[in-house]
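The values are calculated or read from the model by the stated rules, or taken from the named source; none is laboratory data. Computed from a predicted structure; not experimentally measured. Cβ sites come from the backbone with ideal geometry, for glycine too, and all protein chains shown count toward neighbours. The protein model used for the area step is the full one, side chains on, heavy atoms only, and it has no ligands, DNA or RNA in it. Shrake-Rupley method; radii C 1.70, N 1.55, O 1.52, S 1.80 Å.
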Amino acid sequence: KAGVTQTPRYLIKTRGQQVTLSCSPISGHRSVSWYQQTPGQGLQFLFEYFSETQRNKGNFPGRFSGRQFSNSRSEMNVSTLELGDSALYLCASSWTGTDTQYFGPGTRLTVL
Amino acid sequence: AQSVAQPEDQVNVAEGNPLTVKCTYSVSGNPYLFWYVQYPNRGLQFLLKYITGDNLVKGSYGFEAEFNKSQTSFHLKKPSALVSDSALYFCAVRDGGYQKVTFGTGTKLQVIP
């Protein structure tokens, strides 16, 4: 069974631009969570989607948004990029969201 | 609110020696506890979890963890460390009735040949 995939793997953007990251969960998994990982802050929870509905949200500004499609694939969008948004963005999927999460390889976003 | 602490930023151990990576947690309900490992430029890989039952949980690659309710700890252990175990280890907790998972800050394990 294929694992969690994330595209693209690497992105370079400039301040003020917007970016969209994509995550395809393991087949059959309906929950997708997004995390931001930085050296200083560790893993920070962004949001979780289950059956196309946002079920949980972390403490990030409204510039960070996401959605989930009927096939459980998820996208997250960051608008008006800031230098501090440079990070590894990780996606994790699980069957229900209350069980074990399986992570993708991440998207490395660099904001210049 | 739930929280998890990994008190050591880095742990150094000689190859062949036993290793321990510490984790303590705080939840209001029943804890669901997880350990993940991250290799450079990779996502997190699931190692093991505790939901209920036996306090000693066995996981992937020879790792195990001991749940201690009185000390609110869930330390990761391995009897004999390998150089290939060198990586970043994350402990995570979820309150039993709540979906959000909280991760620790990570502990870098360095196994010295």
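Does residue A:68 satisfy the condition of being within 17 Å of residue B:92 (Cβ to Cβ) and either open to solvent by 10 Å² or more (accessible area, probe 1.4 Å) or within 11 Å of chain B (Cβ to nearest Cβ) (or both)?
On the way: within 17 Å of residue B:92 (Cβ to Cβ): no; either open to solvent by 10 Å² or more (accessible area, probe 1.4 Å) or within 11 Å of chain B (Cβ to nearest Cβ) (or both): yes.
Taking the combined requirement at face value, the residue does not satisfy it.
Residue B:74 meets all of the listed conditions (1) modelled with pLDDT under 90; (2) open to solvent by less than 50 Å² (accessible area, probe 1.4 Å) but one, namely (1).
If you go through segment A:6-19 and keep only what is surrounded by fewer than 16 Cβ atoms within 10 Å (Cβ to Cβ) and of a type in the set (S, T, N, Q), you end up with A:7, A:14, A:17, A:18. Of all the listed residues (B:25, B:61), the sole one being among the hydroxyl-bearing types (Ser, Thr, Tyr) and assigned to a strand (DSSP E or B) is B:25. Name the single residue that is farthest from the other protein chains (Cβ to nearest Cβ) among those in segment B:93-113 being open to solvent by less than 10 Å² (accessible area, probe 1.4 Å) and within 19 Å of residue B:19 (Cα to Cα). Among those residues, the one meeting the criterion is B:111. When you go through (1) at pLDDT 95 or above; (2) within 10 Å of the chain's Cα centre (by Cα); (3) open to solvent by 10 Å² or more (accessible area, probe 1.4 Å); (4) facing chain B (nearest Cβ under 10 Å) one by one for residue A:90, which number turns out not to apply? Result: residue A:90 passes all but (3). The combined condition, being free of Cβ contacts under 8 Å to residues at least 40 places away in the same chain, of a type in the set (Phe, Trp, Tyr), out of contact with any helix residue (DSSP H, G or I) (no Cβ under 8 Å at 6 or more places or on another chain) and surrounded by 20 or more Cβ atoms within 10 Å (Cβ to Cβ), is fulfilled by residue B:63. Pairing residues of segment B:32-45 that are within 16 Å of residue A:107 (Cα to Cα) and of a type in the set (A, V, I, L, M, F, W, C) with residues that are open to solvent by 10 Å² or more (accessible area, probe 1.4 Å) and outside any loop (DSSP other than H, G, I, E, B), at Cβ distances under 6 Å and at least 6 apart in sequence or on separate chains, gives B:44/A:103; B:44/B:38.
Quick one: would you say residue B:55 is modelled with pLDDT under 95 and within 11 Å of chain A (Cβ to nearest Cβ)? Walk me through it before giving the result.
Values: modelled with pLDDT under 95: yes; within 11 Å of chain A (Cβ to nearest Cβ): no.
No.
Could we say that residue B:39 is facing chain A (nearest Cβ under 10 Å), hydroxyl-bearing (Ser, Thr, Tyr), over 10 Å from the mean Cα position of the chain (by Cα) and closer than 17 Å to residue A:43 by Cβ here? Write out each step before concluding.
Numbers: facing chain A (nearest Cβ under 10 Å): no; hydroxyl-bearing (Ser, Thr, Tyr): yes; over 10 Å from the mean Cα position of the chain (by Cα): yes; closer than 17 Å to residue A:43 by Cβ: yes.
In short, no.
Out of curiosity, is residue B:90 in a strand (DSSP E or B) and either open to solvent by 70 Å² or more (accessible area, probe 1.4 Å) or within 12 Å of another protein chain (Cβ to nearest Cβ) (or both)?
Details: in a strand (DSSP E or B): yes; either open to solvent by 70 Å² or more (accessible area, probe 1.4 Å) or within 12 Å of another protein chain (Cβ to nearest Cβ) (or both): yes.
Taking the combined requirement at face value, the residue satisfies it.
Of everything in segment A:24-41 that is facing chain B (nearest Cβ under 10 Å) and open to solvent by less than 10 Å² (accessible area, probe 1.4 Å), the residue that is farthest from residue B:38 (Cα to Cα) is A:31. If you take the residues in segment B:7-47 that are surrounded by fewer than 18 Cβ atoms within 10 Å (Cβ to Cβ) and among the small types (Gly, Ala, Ser), which one is farthest from residue B:104 (Cα to Cα)? Restricting to residues being surrounded by fewer than 18 Cβ atoms within 10 Å (Cβ to Cβ) and among the small types (Gly, Ala, Ser), the top hit is B:16. Evaluate segment A:79-87: report whether one residue or more is closer than 24 Å to residue B:88 by Cβ, within 14 Å of chain B (Cβ to nearest Cβ) and modelled with pLDDT under 95. No, that holds for no residue. Considering (1) surrounded by fewer than 21 Cβ atoms within 10 Å (Cβ to Cβ); (2) within 14 Å of chain B (Cβ to nearest Cβ); (3) in contact (Cβ under 8 Å) with a residue 24 or more places away in the chain, the lone condition that residue A:58 does not fulfil carries the number (3).
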